[in-house]
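Step one of this worksheet: look at the structure below.
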Amino acid sequence: MPVPVADEQCPDGEPTINIVRRDGQCVNVKDSQYYNGNFIILGACGNAQRNQLWTFKSNGTIRSNGKCLTSGYGGCWGNQRWADDTILNPNARLVMDVRSSDVSLQDIILYQPTGNPNKKWLAF
């Protein structure tokens, strides 16, 4: 007896998605330039723009085009993992935030976790 083929695919264990602030702005790799030390900024979401796609790896890192979301210069070591719905750097005990309230092309920074809505991010 033949085995029926399911129409559904297995979910990806390491999804590639957009990281979106509650106001609808996307986290971007600045100027789509992938080098250690480049800035991560907030800007208008595009249609599957490569510099806005992030992979949540099973080891806890978040990557875009293979480069890690880190807090400073350098590569992607085990001590640079991110966790929590607020995108927390557990070693620094700081969360991802935007430098100012102006949402147009602002630098992403690390800041004290206060629970404020400006530190909340969505992934889809």
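The values are calculated or read from the model by the stated rules, or taken from the named source; none is laboratory data. Since the structure is predicted, the reported quantities are computational estimates derived from the model, not experimental observations. Please note: Cβ atoms are built from the backbone with ideal geometry, for glycine as well, and neighbour counts cover all protein chains shown.
Given the structure, is VAL103 of a type outside the set (D, E, K, R), surrounded by 13 or more Cβ atoms within 10 Å (Cβ to Cβ) and at pLDDT below 75? Yes, satisfied. Determine, yes or no, whether TYR73 is part of a loop (DSSP other than H, G, I, E, B) and at pLDDT below 85. Criteria met by TYR73. Taking first residues from segment 36-56 that are at pLDDT below 90 and partners that are aromatic (Phe, Trp, Tyr) and not in a strand (DSSP E or B), the Cβ contacts under 9 Å between residues at least 6 apart in sequence or on separate chains come to ASN36/TYR73; GLY37/TYR73; PHE56/TRP82.
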